[in-house]
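Each remark here refers to the structure printed beneath this line.
The values are calculated or read from the model by the stated rules, or taken from the named source; none is laboratory data. Just so it is clear, the structure is predicted and the values come from calculations on it, not from any experiment. Here Cβ is always computed from backbone atoms with ideal geometry, including for glycine, and neighbour counts include all displayed protein chains.
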Number of protein chains: 2
Amino acid sequence: MPHSAGEAWFTERMLGLAGYSYRIKRTLHSEQSAYQQIDAYETHSHGNLLVLDGCIMLTERDEFIYHELLAHVAAQTIAAPSRAAVVGGGDGGVVRELLKYPELHVSLVEIDERVVRVSERLFPKVSAGLRDPRVSVLFEDGAKYLASRAEGELDLIVVDSTDPVGPATALVQDSFYAQAARVLSSKGVFVAQTQSPFFHAAEIRAIYAALGGSFDRVWMYWGVCPSYPGQLWTFCYASKGSHPLDDFDPPAGLSQRLGTGYYSAAVHRAAFALPPFVQALLPEGHSQRVDL
Amino acid sequence: MPHSAGEAWFTERMLGLAGYSYRIKRTLHSEQSAYQQIDAYETHSHGNLLVLDGCIMLTERDEFIYHELLAHVAAQTIAAPSRAAVVGGGDGGVVRELLKYPELHVSLVEIDERVVRVSERLFPKVSAGLRDPRVSVLFEDGAKYLASRAEGELDLIVVDSTDPVGPATALVQDSFYAQAARVLSSKGVFVAQTQSPFFHAAEIRAIYAALGGSFDRVWMYWGVCPSYPGQLWTFCYASKGSHPLDDFDPPAGLSQRLGTGYYSAAVHRAAFALPPFVQALLPEGHSQRVDL
């Protein structure tokens, strides 16, 4: 369909090589915060759209996929998790999912308060959990936060970061992973988004090599994130003891209990079945065998 | 990254609501055939790009995902398949994958000869199999072709069609599915691409309702097709007898044997784990339980 004059579109240019666009009704917000450019738009088909430094963070229509994958894959494999930290994720989507675990207390550690404020105003269904009494919202550097925690204090760390440039660079360093491993309990799990095999192969290789330096057990899993470059999006599951499949013993009707749109018991297991071209990005000796 | 003046891009506008773009080096081909507009471009990041009526059909970089999913999921569950027909698919990608089964003879039934000729010239890695002695290339209407076949003649029918508008409309009719069921052998399987849950929910409901009228057993499976709207792309597996999981007994090292980049034994099973929001598009009484 041709792009008619008079239509307004937002387009993310991925590395200057590919682009993803939504037709928009209007601009809802635009500001340069202390950390990044924050923009929000109302789209025709995907609800409201949040953009940081020109990169799509979420649309209301499909954000559930990414947030469910970051929250539930780990949380379902930790027996009675009680303390979690979310690093980044100022929109509140991961927190919303984690609040489905009634005993869990969550610290959201977001460097940019403005992301939280914009999400509270323009993305209420995503950010609603941020005012829950079980949630502490901290406007801090995530790396400094972890370094200040006590050993074994957390059962779950979720890194919901932007691409590893700008403010998120610190979140893919060896020292960050080492702090995460130190702060996790023996059953604890570290999860993070780890970019696109089509657009960030070198970054993925570096991230998994670095994770292997701090965690005995590292897995990759994946899902479809329609608003991110390449759309086949990867995540890491790193732990000192928990196993993403052997320690997964879901109740019947898991997705109905959680109210999830993408995540289910079968999807949990399927997410660890890596296509061979993705598997090939993992470091030598890190062959991930999954028997489904 | 801003879109600099002087850069050239191809953009598909999906229903006028979203867009997907590749930065291009040059236009390789442009013609109006008897059936559709055919364009090809050289991209910066994804090799050559084939476009029919403004919709991206494939890029050289990621076409393997779609073609492997259309070919192998069915072929791996049919004992000793000997006769297959591919309806549409004039680029040759599905045929290339099916030729990995040494006993299989394949008829490619493409209504538009020009698609085959353009693919032969500009997409040699995709179309190479079309000159194989086990392949018959027929420039015919796929619906008429099936209607002219004998009962039980084929073990596999693959429909690799464009969106169900224009020339492909006939390929989602009740009468087409009835002919497919008639022509299939008792172990035969019918597979087709069945569009995007995000952009074509109504079409998906209609397709699966119609399939249920001709086939006793219908499953949906899915994969990531980065160049198609919504990217989470669905496929149907319909049969009179074969079961996509119970009849799947792969040898060790399946993906290495086939030389596949996306498809593997684990990915085969994982592809039938439907996210709940996709499952919800299937007709009542068609609940697809997959125990992985």
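In region A:21-33, the residues that are in the same structural domain as A:Gln231 (by TED's automatic domain parsing) never reach a residue that is buried (at least 19 other Cβ atoms within 10 Å of the Cβ) and assigned to a strand (DSSP E or B) with C-beta atoms less than 9 angstrom apart, at least six apart or across chains. Going through (1) part of a strand (DSSP E or B); (2) more than 20 Å from A:Phe198 (Cβ to Cβ); (3) more than 10 Å from chain B (Cβ to nearest Cβ) one by one, A:Tyr35 falls short only on (1).
Taking the criterion of being farther than 19 Å from A:Ser127 by Cα, out of contact with any helix residue (DSSP H, G or I) (no Cβ under 7 Å at 6 or more places or on another chain) and at pLDDT below 95, would at least one residue in region A:65-79 satisfy it?
Yes, there is a match, as at least one residue in region A:65-79 is farther than 19 Å from A:Ser127 by Cα, out of contact with any helix residue (DSSP H, G or I) (no Cβ under 7 Å at 6 or more places or on another chain) and at pLDDT below 95.
Does region A:240-256 contain at least one residue that is polar (S, T, N, Q), in contact (Cβ under 8 Å) with a residue 24 or more places away in the chain and touching a Phe, Trp or Tyr at 6+ places or on another chain (Cβ under 9 Å)?
no
Name the residue that is farthest from the other protein chains (Cβ to nearest Cβ), counting only residues in region B:243-267 that are closer than 15 Å to A:Gly223 by Cα and in a helix (DSSP H, G or I). Only one residue fits best here, namely B:Val267.
Every test in (1) part of a strand (DSSP E or B); (2) within 9 Å of another protein chain (Cβ to nearest Cβ) is passed by B:Phe64 save one, and that test is (1). The criterion of being touching a strand residue (DSSP E or B) at 6+ places or on another chain (Cβ under 8 Å), surrounded by fewer than 19 Cβ atoms within 10 Å (Cβ to Cβ), more than 14 Å from chain B (Cβ to nearest Cβ) and farther than 30 Å from B:Thr11 by Cβ does not hold for A:Ser30. With respect to (1) basic (Lys, Arg); (2) within 25 Å of B:His44 (Cα to Cα); (3) out of contact with any His (no Cβ under 7 Å at 6 or more places or on another chain), the lone exception for A:Arg26 is condition (2). Scanning region B:115-122 turns up no residue that is in contact with an Asp or Glu (Cβ under 9 Å, 6 or more places away or on another chain) and within 14 Å of chain A (Cβ to nearest Cβ). Restricting B:Ala40, B:Ala80 to residues that are more than 13 Å from chain A (Cβ to nearest Cβ), part of a strand (DSSP E or B) and within 30 Å of B:Leu258 (Cβ to Cβ) narrows the list to B:Ala40.
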